[in-house]
1. Can you work out which chain A residue has the shortest Cβ-to-axis distance for the rotation that carries A onto B, and give it in Å?
2. Put the label 7 Å from Cα along Cα→Cβ for B:ASP321; what are its distances to the other copies, in nanometres, shortest first?
3. Tally the DSSP beta bridges in the protein assembly as shown and give the antiparallel ones as a percent, rounded to 5.
4. Out of B:LYS65, B:LYS236, B:LYS49, any idea which swings most in a Gaussian network model of chain B, alpha carbons joined below 10 Å?
5. Work out from phi, with θ = phi - 60° and the Karplus expression 6.51 cos²θ - 1.76 cosθ + 1.60, the ³J(HN,Hα) of each residue of segment A:384-389, listed in order in whole Hz, and give x for Gly and Pro.
6. Could you tell me the calculated FRET efficiency between A:GLU178 and A:LYS65, based on Cβ-Cβ distance and R0 = 30 angstrom, to the nearest 0.05?
7. Compute the Cα gyration tensor for the protein assembly as shown, then decide on rounded, prolate or oblate, letting a ≥ b ≥ c be the square roots of its eigenvalues: rounded whenever a/c is under 1.5, prolate when a/b is larger than b/c in the other cases, and oblate in all that remain.
8. Within the set B:LYS78/B:LYS166; B:LYS6/B:LYS213; A:LYS6/A:LYS166; A:LYS65/B:LYS429, which residue pairs have Cα atoms separated by over 22 Å?
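Taken together, the values in this text are just the output of simple stated rules run on the coordinates, not laboratory data. Everything numeric here is computed off the predicted structure, so don't read it as measured data. So basically every Cβ, Gly included, is an ideal-geometry build from the backbone, and we count neighbours across all protein chains shown.
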There are 2 protein chains.
Amino acid sequence: MEIKSKAHMMKLSSNRMAASSLDMRHGALVAISDSLEANKKEIFAENEKDLKRAEEEGISQAVYKRLKFDEKKLLTVKNGISELMALEDPVGRLLYEKELEEGLVLKRVSCPIGVLGVIFEARPDALVQIATLCIKSGNCAILKGGKETANTNRILFKLIHEAAVKAGLPESALFLAETHSEIDELLSCEGDVDLIIPRGSNAFVRYIMDHTKIPVMGHADGVCHTYVDADADIKKAIPIILDAKTQYTAACNATETLLIHRQAAQKFLPALAKALQDAGVKLRGTKEVYDILKDAPDEKGAGIMDEDIMAEEEFDREYLDLVISIKLVSDVDEAIDHINRFGSHHTDAIITENDETAARFMDMVDSAGVYQNASTRFADGFRYGFGAEVGISTSKIHARGPVGLEGLMTYKYKLYGHGDKLHIVKDFKG
Amino acid sequence: MEIKSKAHMMKLSSNRMAASSLDMRHGALVAISDSLEANKKEIFAENEKDLKRAEEEGISQAVYKRLKFDEKKLLTVKNGISELMALEDPVGRLLYEKELEEGLVLKRVSCPIGVLGVIFEARPDALVQIATLCIKSGNCAILKGGKETANTNRILFKLIHEAAVKAGLPESALFLAETHSEIDELLSCEGDVDLIIPRGSNAFVRYIMDHTKIPVMGHADGVCHTYVDADADIKKAIPIILDAKTQYTAACNATETLLIHRQAAQKFLPALAKALQDAGVKLRGTKEVYDILKDAPDEKGAGIMDEDIMAEEEFDREYLDLVISIKLVSDVDEAIDHINRFGSHHTDAIITENDETAARFMDMVDSAGVYQNASTRFADGFRYGFGAEVGISTSKIHARGPVGLEGLMTYKYKLYGHGDKLHIVKDFKG
């Protein structure tokens, strides 16, 4: 029951955290940055333990890179803290003001959500980033990182927590959950935890969403589409699609499905197929696509294998790899319907020079991001100019798309009765 | 399975509803208003059937008034439609704009949430109000009203739906669920229904919240507090408390608990008790309050009955009646802690002339509304100036407090790649 009682204590002290001054919160951020620098040898030593165990377990080079916390990562998180401090205070912003009657002033003012539960992947820098985002936004948080970096997380959290409390923030502002079983306990803390933010694999996020009554901000799938319209400029289409598919295949905003207008397909598909295959992308698609590529005279070798001919219902696949699904459509409306049916409401793009067609696509596709002539990979809080990214949400409630600091905020209404007049509803004229 | 398949059809046509022009939506609203007027005899006749059955079942005068739909109610809903049309279009508002790189323009634009499920009390005027709010905001909706007004709801819905479709809105824009069993079916439509808005009793709203994975906007309890500080002006305190308790006891924003600073209690409690009892309010409270009132020399008869002495854990009671709980506290911090522990995060007030104490209370009380020297009864979308109220939310996610049209909106990011430059992430400098 440790998490449950901890969450309840956090809830009770979350108003002190919410009312903490910007000076105090910034004081904590400076102290954290300094403490990480001053204790870096200890941090690196703990990180070595994690790396050693990971190597013994035979992890890939890519995972090793993510687990590693060295001088370079330290500099990155310190720069992140500086950038976070440069952002405007999200607490106490006046969002609406109205004098309801003489002397009765209503103000809508931003305030922290309260207690967050953040579950994140095995990356020590993520722990620092998330903890400092919570401090800047005046939120209390229960943090749960990946077990592969348990030693690094423990030392980083200890230093962060010490510095925050020393700066005057509540003892219960931050808590590190260390075992996997605590996740289920955290999910049952409705009433005390206000929002869960999960990061990680689709299956994991789906599990979180299915096992809690607490609101969840995040996304499970990222089945993003790029639709090549009849009026597409081929010179743009190929490089944009290559970027959307190959620039970072493991990202949720990578394009997984290509829809092509039949008119465009005739001249364009063989060249595109060749470009994708040259970039190492395996093609999958409908029998119609298979047939066009088989008969394309000039693009030898660019085609679909027999076993990669796709049935309609397979078009919800998220590969997160150098693989792409291809289908032809008769018009933009068929593309819209396909995306709304098979997509994950994340980010979808149209390649067209026809602004009217683009407007239709962008109004009718029900996704957090709808793009004209740009790579779906742009769906990112930093690229959007938010200065910090909390996550990407495919929900339509609260925050949608890449979420900056404001996703960690709510508001309250403050009503001030000034003067000698009695502010009672019985006499209110409106 | 009717609701499930209907919800899925709605989801598929929700983008057409979302992209409908303001002209079309306003055309529908005018047509609805005209049709209700033109068919009022038929509506009143159907309403008579409901009233007759209700009388046979022996309903109270108050409920009878709510069920009745006559010329006066018709005028009210028609005026409501006119006021709704006067509100700014909530769809397509530009909320954020940034040029990410030369020629690449990001816009955050408001758009409808999609498919709503609204479950509301037995009041025919509520059906018209909710249906027209959904049309104005471009949302599709499944409506479920109280069974006591089934006949009136059926004719009202038929007229509304006919007028909306004739004006060009999708056939699937609105659907009326008619049986209670359909509520459970509606609650299982996650993926198709984006938001549930329940109105009704605490137990009912709690049931909804506990039995769906769809986000729910609303509030179960309204345990509102008024705290009388040591620096309170007694001339304000008594009328504000009387208003907060008695002006409309069945409302969620009526004050249920009175907290009084011990210094204020000495001089103030007997007079307040007398005023409340004169207004017909039954007093309940701690032994300490009981003792003060028993010994008060000048206020004969104003006291607490033995059986109304309260234990600490009873202070979460919502009476919705002429009953109030009273407790003394040592300072504002004790009042804050009590409210955060026992309240429902709805609306809480402090009566004080000390602005510093008020600021502390308003920062530290974790409620949607925090008031200084005003009645808690002000928590209302119309009084707040929103022009229309969708409901009141005690959630901190999405909308909080009284919710106007904007609570039915979300946003999407539209990214426009202009010009000949390739907008790909590989080349993006940020």
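1. Closest Cβ to the A-to-B rotation axis, residue and whole-Å distance: A:HIS398, 2.
2. Between copies, matching label points for B:ASP321 lie 6.5 nm apart.
3. Values: 36 of 120 bridges.
Within the protein assembly as shown, antiparallel bridges account for around 30 percent of the total.
4. Result for chain B, Cα springs under 10 Å: B:LYS65 fluctuates most.
5. Values per residue, Gly and Pro as x: 6, x, 7, x, 7, 10 Hz.
6. Details: r = 23 Å, r/R0 = 0.78.
It comes to 0.80.
7. Numbers: a/c = 2.34, a/b = 1.32, b/c = 1.77.
Oblate, because a/c is 1.5 or more while a/b does not exceed b/c.
8. Working: B:LYS78/B:LYS166 19 Å; B:LYS6/B:LYS213 18 Å; A:LYS6/A:LYS166 20 Å; A:LYS65/B:LYS429 24 Å.
Beyond 22 Å between Cα atoms: A:LYS65/B:LYS429.
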